[in-house]
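The values are calculated or read from the model by the stated rules, or taken from the named source; none is laboratory data. Nothing here was measured: the structure is a model prediction, and the numbers come from that model. Note: ideal-geometry Cβ built from the backbone for every residue, glycine included; neighbour counts use all protein chains shown. For accessibility, only protein heavy atoms count, side chains too; no ligands or nucleic acids. Shrake-Rupley method; radii C 1.70, N 1.55, O 1.52, S 1.80 Å.
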Amino acid sequence: MTVLVVDGANVVGSRPDGWWRDRAGAAARLATRLGAASAAGLLDPLGAPSRVVLVVEGAARAAEVEPVAGLSLLRAPADGDAAIVDLVGELVAGGERVLVVTADRELRSRVIEAGAEVVGPGELLRALDAL
């Protein structure tokens, strides 16, 4: 099984749909979609994740997210990238397979070095669009 770690700012920012007007709302909508896709098995092509961690930063930390089994929200205290790298390190050290969703080149390098695999936002968004 895989832990899917989602760089919320990067995924939300990959589509120009007005997310910048309501960052918390955009994060909450992404969380809702992630929960529904996970429950429907639509994330299985991304490694059949046993759980999904959505990492949010900045204004998106105020997101109101309904509890969903298998989905957790990590509100990064400062830098979202640093929180993701720290989380990946903990998960890999615990023997978990980790797949990070981001297009950020520097973050990709850091999490690969920490032992994770990486896919771009497009792969995740295609799964979410299947809802």
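General remarks:
- Summed over the range 51-62, the residues that are open to solvent by 30 Å² or more (accessible area, probe 1.4 Å) and either within 18 Å of residue 13 (Cβ to Cβ) or over 13 Å from the mean Cα position of the chain (by Cα) (or both) give a count of 5.
Yes/no per residue for (1) at positive phi; (2) buried (at least 20 other Cβ atoms within 10 Å of the Cβ); (3) among the aliphatic types (A, V, I, L, M):
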{"position": "29", "(1), (2), (3)": "no, no, no"}
{"position": "35", "(1), (2), (3)": "no, no, no"}
{"position": "64", "(1), (2), (3)": "no, no, no"}
{"position": "71", "(1), (2), (3)": "no, yes, yes"}
{"position": "78", "(1), (2), (3)": "no, no, yes"}
{"position": "90", "(1), (2), (3)": "no, no, no"}
{"position": "101", "(1), (2), (3)": "no, yes, yes"}
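- Residue 11 being outside any helix (DSSP H, G or I), closer than 27 Å to residue 112 by Cβ and under 11 Å from the mean Cα position of the chain (by Cα): no
- Being within 13 Å of residue 124 (Cβ to Cβ) and in contact with a helix residue (DSSP H, G or I) (Cβ under 8 Å, 6 or more places away or on another chain) holds for only one residue in 98, 12, 88, 65, and it is 12.
- Note on the range 27-119: enclosed strands (runs of 3 or more DSSP E) holding 3 or more residues that are free of Cβ contacts under 8 Å to residues at least 24 places away in the same chain are 71-75.
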